[in-house]
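The values are calculated or read from the model by the stated rules, or taken from the named source; none is laboratory data. Every value quoted in this text rests on a predicted model; they were computed, and no experiment measured them. Quick reminder, even Gly has a Cβ in these numbers, built from the backbone with ideal geometry, and neighbours come from all protein chains shown.
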Amino acid sequence: MPKSSNRDKILTEGLRVVHERGFAGASVRDIVQAAGVPQGSFTNHFASKEAFGLEIIDLYFAASWALIQKTLRNDELPPLQRLGAYLDANTERLSPAGMRHGCLFGNFSAEASEHSEAIRRRIVEIFAQVQQSIAYCLEAAVRAGELPAGFECGEAADFVLTSLQGALLLAKAQRSSAPVERLKRVLFSKVLN
């Protein structure tokens, strides 16, 4: 089995450190210390902390995309069941830390998008892909007769994404999954009913 490279260690441990402490709160020293590599390794592999930030955003998105494929874009499941599974999977993904770390994309939106145009643009692109995946799922629900013809899938997908990010932010502050559970309950009983 090949030995993990310093770059991989920095990315993996750096993602964990940034998710726990925030982008500004995680120094390069904290990141290399967690990775167990010399400080010079960071500058050998990343042109800047911003470049590193973009790479951990993509690493986190790879896991998010796998979750989207398994839920929202999984044509084997009934569409609205997929949406519920996606909401549940977001809660499960953040629960091991008691919801305290929140969604990395939401964290970067709040913390780094004002200071880095490249990070802001990447987060906007990711949110657009998530919104499109929710819309894809809702369009399938219309075709399956789970939602009425003429249902505004794009508008509703925007609403779901915005509500989910807000619920995840509240869940982070409250250190409870209750806001996401409430969103799911209201979404399915009032909005998608």
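Just a few scattered comments:
- The condition (being small (Gly, Ala, Ser) and in contact (Cβ under 8 Å) with a residue 40 or more places away in the chain) is satisfied by just one residue among GLY14, GLY40: GLY14.
- Checklist (1) without any contact (Cβ under 8 Å) to a residue 60 or more places away in the chain; (2) in a helix (DSSP H, G or I); (3) more than 27 Å from PHE52 (Cβ to Cβ) applied to LEU187, failing item: (1)
- Any hit, the range 103-121, residues being farther than 19 Å from LEU87 by Cβ, buried (at least 16 other Cβ atoms within 10 Å of the Cβ), of a type in the set (Val, Ile, Thr) and in contact with a helix residue (DSSP H, G or I) (Cβ under 8 Å, 6 or more places away or on another chain): yes
- Some residue of the range 8-31 being out of contact with any Phe, Trp or Tyr (no Cβ under 7 Å at 6 or more places or on another chain), in a helix (DSSP H, G or I), among the polar types (S, T, N, Q) and surrounded by fewer than 17 Cβ atoms within 10 Å (Cβ to Cβ): yes
- Pairs are defined by a Cβ separation below 6 Å, a sequence spacing of at least 6 or placement on different chains, a first member in the range 62-87 that is small (Gly, Ala, Ser) and assigned to a helix (DSSP H, G or I), and a second member that is modelled with pLDDT of 95 or more and surrounded by 16 or more Cβ atoms within 10 Å (Cβ to Cβ); the pairs so defined are ALA85/THR71.
Each row is one residue, and each column tells you yes or no for (1) closer than 19 Å to ARG122 by Cα; (2) hydrophobic (A, V, I, L, M, F, W, C).
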residue	(1), (2)
LEU15	yes, yes
GLY36	no, no
SER64	yes, no
ILE68	yes, yes
LEU77	no, yes
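- When TYR86 is tested against (1) surrounded by fewer than 19 Cβ atoms within 10 Å (Cβ to Cβ); (2) under 16 Å from VAL130 (Cβ atoms), exactly one condition is not met: (1).
- Filter result for the condition that a residue is among the charged types (D, E, K, R) and assigned to a helix (DSSP H, G or I), over ARG100, ARG182: ARG182
- Among the residues of the range 137-164, those identified as buried (at least 18 other Cβ atoms within 10 Å of the Cβ) and either touching a strand residue (DSSP E or B) at 6+ places or on another chain (Cβ under 6 Å) or touching a residue at least 60 places away in the same chain (Cβ under 8 Å) (or both) are CYS137, ALA140, ALA141, LEU147, VAL160, LEU164.
- Qualifying residue in the range 128-139 (condition: over 16 Å from GLY22 (Cα atoms), over 18 Å from the mean Cα position of the chain (by Cα), assigned to a loop (DSSP other than H, G, I, E, B) and not basic (Lys, Arg)): no
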